[in-house]
Amino acid sequence: MKVHTGIAVSPGVVTGPALVLGSENFRIPRKFVTRDAVDAELQRFHAARDAVCHDIKGNEQLVSSQLGAQYGAIFTAHLQMAQDPRLIREVESLIRDQSRSPEFAVSRVLRGYAEQLQKMGDRYLSERALDIFDLEKRLLRQLLGESREELKNLTEPVIILASDLTPGETSTLNTKFVLGFATEVGGHTSHTAILAGALEIPAIVGLGRFLAGVSGGETVILDGDHGQVIIDPSDERLRQVEASQVRSRRVGERLGRMVELPAETLDGQRVTIFGNIEFPEEVRQCIKRGADGIGLYRTEFLFLSGNREPSESDHFEAYCRVVEACGDLPVVIRTLDIGADKVPQLMAEELSVGPNPMLGLRSIRLSLMNTQMFKRQLRAILRASVHGHVKVMFPLVSTLLEFRQAKMILMDVMEDLEDEGIPFRRNLQVGMMVEVPSAVILAEEFAREVDFFSIGTNDLIQYTLACDRSNPTVANLYRSGDPSILRLIQMVLRAAEKYGKPVTVCGQMSSDPRFIPLLLGMGLRSLSATPQAIPRLKEVVRNLSISEAVRISQHACSLDLARDVEHYLMGELSRLCPDLVDEAGT
Amino acid sequence: MEGADVIQRQLRVMPEHGLHLSPISQLVRKAMTFTSSVSLSFDGRRADVKSAFDLMLLAAPCGAILTLECSGPDAIAAADAIGELFEAGFAIPGHSVG
């Protein structure tokens, strides 16, 4: 048994026979052509190039229609390379002026580009060298009349182990037979990795040299969750994987049926389960899994991906896509929560992070400093509010003054819109994230002024226990089950109840099935979770009664160590929903 | 070129990965729609904007100031169109791959 570890780029665990694809070493038969053959050779080059362009267009259409236009764009770029005037000029010149063969010329010119890109020491550009090799292979295959037949004539399921798969090859993989793939080269942002994720087959890249010891036909476990390729696994390991696959299939089928069923406890209490999203495209994943709306729409991507400050219409278009996809279901838009770990290039200058970014200028603090930017976002949110059921919430509020200032700016924007005759919903609900201990301590005061609370457990835990979970030396302090966190959540729920304001919990805690009985027992009736977690949460809710949840939460709150709380909750979950615990592998 | 315009402009590279595949792809597509020659210069190197390889090898990082030069009958329109791509930060609605 041999275990190789690489970069996991697409999740899932599969077992099957290995199909090994070595590096394709095209043997270039001749470097020179005779003088009088130059015209014919030029024609051969152009014919090969035309055929390649035709193939790329085919890939582009296939991928665009199956995976979406953003993936097809990869091939639009490849097509531009195949039609590149510099490439054509340089190849022609080698053939015409130096009597080189088209094979040699193509390889020489393209490898020259790839080499220069790799030399630049820029990870992003050096991965683009793979796109150039893809083009080289395509052209050489046409010129030499060779192709990777292995991939075309599959008749049974295999796991592909390759030195590299080009994006073109990846896009045409027959997912009926290709269970997954692992490659020696590649990184997170390589196009092959991106396509694997879109095809939803397990994949691992960047394994380094490992093919020498594999001849093909060996049994392989490809663990796309942990980035491991296990060659000739022990019988015990195989049995473990098979058992867990059977279980996860069974659980998967049952969870699939959850979509249609309401999130209702055994004693008839309806619980609202929202989805957390970052990109407009993710709405579909939430709706598909039966979400009651969007409980947390993070808007940072507009700032992080566009590389310039988004305009009001950028905001507006993105919000409308989400709001319209949700129909009558509510969408809670959180204003910019940037700074600390996520600093967009465009703000890097003005946003001098300081020695302690988590305690620095971030989130609502940044918005209040930069009111023009804040107003642009609020205008777009208000304009989108007439297209559906929109709510707005401010992140990381730590004082009442901050909330009042943010709300005042919102009122200003409303007035502006009114003056301009632009429609918006005046009664739009305005809430806040509860993520800072000060906001919990003053929860009653806040509850009088907000329309709703959303408890962001990730930051709340980090600020309460004063630990950065990305720092391995203190990460053990970061525990959702810490009694202090449970107490803080209770304080918020009590304050909100007193003033009749709804509370949602978002953050990782509410995506973790173990905490659902506890949270419901404390009185929470609304959760917002990652789309993938929604069916599991529903299952827990449907196997639980409120009276039982109350009993569980009372016992959990009587324990004084995070470890004991989490252990107890795990035990209760395994009693309520044994499959979910097995699946978690604990 | 008689009667042809030559337009020069300074542009700043905004995308955080510099001029990577997606901006390059957009630039080539845009430049191809004009008959004028369109070039970008940076750090003593000059790239034909109609050539993806030229642009890749220009290796213009985020923050770089490039000199755009358009010459030909539709130079003004070409310079405007290329300038717009830079000003918009090469944003594509939604998020881009590449």
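Brief remarks follow.
- With a requirement of 1 or more residues that are buried (at least 24 other Cβ atoms within 10 Å of the Cβ) and within 20 Å of the chain's Cα centre (by Cα), the helices (runs of 4 or more DSSP H) lying completely within segment A:512-558 that satisfy it span A:534-542.
- Taken together, A:15, A:34 contain a single residue that is open to solvent by 40 Å² or more (accessible area, probe 1.4 Å) and among the hydroxyl-bearing types (Ser, Thr, Tyr), which is A:34.
- Residue B:29 vs. criteria open to solvent by 20 Å² or more (accessible area, probe 1.4 Å), within 16 Å of residue A:117 (Cβ to Cβ) and more than 7 Å from every other protein chain (Cβ to nearest Cβ): no
- Yes/no for residue A:140 being part of a loop (DSSP other than H, G, I, E, B), surrounded by 15 or more Cβ atoms within 10 Å (Cβ to Cβ), modelled with pLDDT of 85 or more and hydrophobic (A, V, I, L, M, F, W, C): no
- Subset of segment A:91-122 (residues that are within 9 Å of another protein chain (Cβ to nearest Cβ) and either surrounded by fewer than 20 Cβ atoms within 10 Å (Cβ to Cβ) or among the polar types (S, T, N, Q) (or both)): A:116, A:120, A:122
- If you check A:251, A:241 for being assigned to a helix (DSSP H, G or I), open to solvent by less than 50 Å² (accessible area, probe 1.4 Å) and within 20 Å of residue A:17 (Cβ to Cβ), only one passes: A:241.
- When segment A:480-501 is limited to residues that are part of a helix (DSSP H, G or I) and among the basic types (Lys, Arg), the one that is least open to solvent (accessible area, probe 1.4 Å) turns out to be A:498.
Quick grid of which residues meet (1) closer than 26 Å to residue A:334 by Cα; (2) among the small types (Gly, Ala, Ser); (3) within 25 Å of the chain's Cα centre (by Cα):
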residue	(1), (2), (3)
A:215	no, yes, no
A:229	no, no, yes
A:235	no, no, no
A:240	no, no, no
A:249	no, no, yes
A:273	yes, no, yes
A:279	yes, no, yes
A:287	yes, no, yes
A:295	yes, yes, yes
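- Number of positions in segment A:55-71 that are touching a helix residue (DSSP H, G or I) at 6+ places or on another chain (Cβ under 7 Å) and more than 9 Å from chain B (Cβ to nearest Cβ): 9
- Of all residues in segment A:257-302, those satisfying the criterion of being in a loop (DSSP other than H, G, I, E, B), farther than 13 Å from residue A:540 by Cα and open to solvent by less than 20 Å² (accessible area, probe 1.4 Å) are A:280, A:290, A:291, A:293, A:299.
The values are calculated or read from the model by the stated rules, or taken from the named source; none is laboratory data. On a predicted model such as this, the values are computed, not experimentally measured, just so you know. Virtual Cβ from ideal backbone geometry, glycine too; neighbours counted across all protein chains shown. The protein model used for the area step is the full one, side chains on, heavy atoms only, and it has no ligands, DNA or RNA in it. Shrake-Rupley method; radii C 1.70, N 1.55, O 1.52, S 1.80 Å.
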